[in-house]
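Have a look at the structure below, then the notes.
None of the figures in this text is laboratory data; all of them are computed from the coordinates on show. On a predicted model such as this, the values are computed, not experimentally measured, just so you know. For neighbour counting, all protein chains shown are included, and Cβ atoms are generated from backbone atoms with ideal geometry for every residue, glycine included.
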Amino acid sequence: MSETRHPHPSEVTPESIYVNRRTFIKRASLAGIGGSLVAGGVWARQKNAPRVEGTFDDDLTPWETVTGYNNFYEFGTGKSDPKKNAQDFRTDPWAVEVTGEVREKRTFPLEELIDGLTIEERIYRMRCVEGWSMVIPWNGFMLKDLIERLGPTEDANYIEFTTLLDRQQMPGQNSPILPWPYVEALRMDEAMHPLTILATGVYGKDLPPQNGAPIRLVVPWKYGFKGAKSIVKIRFTKRQPRTTWNEAIPREYGFYANVNPDVDHPRWSQATERRLGEFFRRDTLMFNGYGEVASLYEGMDLRKYY
Amino acid sequence: MAPRAKRRDRIPAFKSLVWMASLAPVAVLADRIFLFGQFTGGAFVDDPVELIQHWTGMAAMIFLFLTLSITPLRRLTGINTSQRFRRLLGLFSFFYASLHVFSYFIFDQRMQLGPIAEDVLERNWILVGFLAWILLIPLAVTSTGGWIRRLGGKRWNRLHRLIYPAAVLIVLHFIWQTKVLEMEPLIYAGILVVLLAGRWWVRRRT
């Protein structure tokens, strides 16, 4: 499940066309008009559409939704705000400061930081803590490859990611909804897990600014807010870092934030989710369906460490 | 005699206009979701269920407010025609409220009674919305001429005062469903306060 091998979506048909057709088919058939409106060729296309290997019906979420329905409060709290407000965001040049419990402590130009790392496509489910989900074809590299290159010290138990603080370019940072800049962190064994990636692209293209350009964290078994965007600082620490949502509302957002259908958010159930574009909610899977990470949390009370 | 007959003739035409306007939200929703906004514009709909729930909820509330403004409108302008549409507008409010509630039953809860009961009882904002819909049911049922005769005008009027608590609960539902306190629900709360306070003021004067 961790690596996918199939034609890249952009090699098949421009994604906006096929996903729209498929979305249309889904909605048309729900309305009971599918048969009369949809020609055979479109059905064939639906069958050829890429799927996540070895899993149920995980169709890719359309490009429009992946890049137009975003939680990125630095650019506004509305779902369509980031796309609207992030278009002039400058990501070149970009530098990332590496600091803390690590051998090579300095600021890297982004190209140098990721030079030589293998970029691959990872199709991951993304479950938002708010109760909706997507399936996203990321392009990125394993965080563990970068960590091994940087050489953390023996005392590095956690890795912390900080988003750019720039009130001019990120208008959302002018309102005190969250303590800026945005900070997220992982335990070192979570960061070293082969499912954890730093993404630089989506749908075979460079990350659009609203998705966290030029580089962002993706941890598919955790709620989406763990995925820090537009990263400018990576710090290795001995103690568990303070993270933004946990600091803002600790009762509702934990440090771990593992997707867990059995542990409800104080204000809503986490047992089900709406895959964007679908009408009926589906069951949420433990660890978002990535059961291979369960061993990381053996013996931990996941109700306490939510 | 002649002008009166003419006046009557206008009513069916006006009535069909009201019907068309009242069903417009359904048409727009269908176009946005199934035809990608071909006729009404609008962006790609990422989450159709959210759109349905937002539109039907807003429509239910707005039609309830329209229903409540018919009587003050008559008092202010002396136009009586609008009175004929009070029950129609009230029924449309119930129609949209029912679409709203059933979209939650069906899409969010897959009609499973256990989870529905749990959700309704556990979460205040769902509970008040649900209660508002329950209050509207007897009003919709007794909206026919037959029921008015059967109950008698006085009792019918008294029963239909349930619209006031229903309106208050709907606005509460709207305020509580947002994550942080937002402006829009407060504006609707303000409109309701004006509609209710106006009645209280008129009653006190007479």
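Some points to look at:
- Which of A:M188, B:M20, A:M170, A:M142 has the fewest Cβ neighbours within 10 Å, and the rest in rising order: B:M20, A:M188, A:M142, A:M170
- Distant-in-sequence amide contacts of A:R275, defined by a placed amide H-H separation under 5 Å and a gap of 5 or more residues or a different chain, comprise A:S133, A:R282.
- Prolate/oblate/rounded call for the protein assembly as shown, Cα gyration tensor, a/c under 1.5 rounded: prolate
- Rounded if a/c under 1.5, otherwise prolate or oblate - the stretch B:61-205, Cα gyration tensor axes: oblate
- Listed from fewest to most Cβ neighbours within 10 Å, the set B:I134, A:I123 follows the order B:I134, A:I123.
- Trypsin sites (Lys or Arg not before Pro) within the stretch A:139-190, DSSP loop, no more than 14 other Cβ atoms inside 10 Å: A:R167
- Comparing B:W147, B:L192, B:L169 along the charge dipole axis of the stretch B:144-196, the residue lying farthest to the positive side is B:W147, per the Cβ-charge model.
- Taking other C-beta atoms within 10 angstrom as a stand-in for reagent exposure, B:H160, A:H193 fall in the order B:H160, A:H193, fewest first.
- Span-like helix ranges in chain B, DSSP H, alpha carbon extent 30 angstrom or more, Kyte mean at least -1.0: B:2-34, B:48-77, B:183-205
- Distance (nanometres) between label positions extended 7 Å along Cα→Cβ at B:R74 and B:I106: 3.5 nm
- Per residue, the average separation of C-alpha pairs within less than 8 Å and at least 6 apart gives the stretch A:54-169 a relative contact order of 22 percent.
- In terms of distances greater than 28 angstrom between alpha carbons, the cross-link table entries A:K84/A:K304; A:K205/A:K229; A:K83/A:K222; A:K79/B:K15; A:K105/A:K304; A:K84/A:K238 yield A:K84/A:K304; A:K79/B:K15; A:K105/A:K304; A:K84/A:K238.
- Peptide B:44-54 shows a mean partner chain C-beta count of 6 within 10 Å per residue C-beta.
- Relative contact order of the stretch B:61-205, pairs being alpha-carbon contacts under 8 Å that are 6 or more residues apart, as %: 25 percent
- Under 14 Å from A:K233, Cα to Cα: aspartates and glutamates that are on another chain or at least 8 residues apart: A:E97, A:E101, A:E104, A:E160, A:D166, A:E184
- Loop GluC sites (Glu not before Pro), the stretch A:111-160 (other Cβ atoms within 10 Å of the site Cβ: 12 or fewer; DSSP): A:E154
- Counting only the Cα atoms, the stretch A:59-297 fills a convex hull of 121 Å³ per residue.
- Given +1 at the Cβ of Lys and Arg, -1 at the Cβ of Asp and Glu and no other charges, the dipole of the protein assembly as shown around its Cα centre is 4680 debye to the nearest 20.
- Prolate/oblate/rounded label for the stretch A:174-306 (Cα gyration tensor, a/c 1.5): rounded
- Loop-resident sites, the stretch B:77-150, for trypsin sites (Lys or Arg not before Pro), counting at most 16 other Cβ within 10 Å (DSSP): B:R110
- Centre separation in Å (Cα based) which lies between the stretch A:287-306 and the stretch A:76-108: 29 Å
- Taking only the C-alpha atoms of the stretch A:113-246, the Rg (one decimal) and the largest Cα-Cα distance, Dmax (whole number), read 14.5, 39 Å.
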